[in-house]
1. Out of all the residues in the range 1-38, which are surrounded by 12 or more Cβ atoms within 10 Å (Cβ to Cβ) and aromatic (Phe, Trp, Tyr)?
2. In the range 11-33, what residues are assigned to a loop (DSSP other than H, G, I, E, B) and not polar (S, T, N, Q)?
3. Could you grab me the full set of residues in the range 1-45 that are hydroxyl-bearing (Ser, Thr, Tyr) and closer than 14 Å to GLY56 by Cα?
4. Is at least one residue of the range 33-51 at positive phi and at pLDDT below 90?
5. Could you please tell me which pairs satisfy a Cβ distance under 9 Å, a separation of 6+ or placement on different chains, a first residue in the range 34-52 that is touching a residue at least 40 places away in the same chain (Cβ under 8 Å), and a second residue that is part of a helix (DSSP H, G or I)?
Amino acid sequence: MSEYFPVLNPAEPGMDENHPGHEAWTERQMAWYGVSISLWKRGLVRVVVPADGSRGDLVEPTGEGRAALAAAGA
């Protein structure tokens with residue numbers, strides 16, 4: 001899932017550690033990791049291929065996850 005975090009929360013042009021928005025951007029990135037962990041803890045996603053050092057875990061929704069998406073109209 002972490003491959004989507006920069007898409008969901010893109011960095012501003014010229015973003016580096018000295019950029020005025022860097023701290024807020026980093027906090028939003030970390031929040032996405034929290035969401036990812038929450039989905040897993042709630043049994044809404046499962047790991048189908050573990051991380052290998054070059055990419056993160058590959059996950060898919062569980063039956064409960066699909067039901068939650070359907071109930072939310074997604």
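The values are calculated or read from the model by the stated rules, or taken from the named source; none is laboratory data. It should be emphasised that the depicted structure is a prediction, and the values quoted were computed from it without experimental measurement. Cβ sites come from the backbone with ideal geometry, for glycine too, and all protein chains shown count toward neighbours.
1. Once the filter is applied, which keeps residues that are surrounded by 12 or more Cβ atoms within 10 Å (Cβ to Cβ) and aromatic (Phe, Trp, Tyr), the range 1-38 yields PHE5, TRP25, TRP32, TYR33.
2. Filtering the range 11-33 down to residues assigned to a loop (DSSP other than H, G, I, E, B) leaves 11-21.
ALA11, GLU12, PRO13, GLY14, MET15, ASP16, GLU17, HIS19, PRO20, GLY21 - these are the residues of the range 11-33 that are assigned to a loop (DSSP other than H, G, I, E, B) and not polar (S, T, N, Q).
3. If we filter the range 1-45 for residues that are hydroxyl-bearing (Ser, Thr, Tyr), which is where we start, we get 2, 4, 26, 33, 36, 38.
Result: SER2, TYR4, TYR33, SER36.
4. no
5. VAL45/SER36; VAL45/LEU39; VAL45/GLY65
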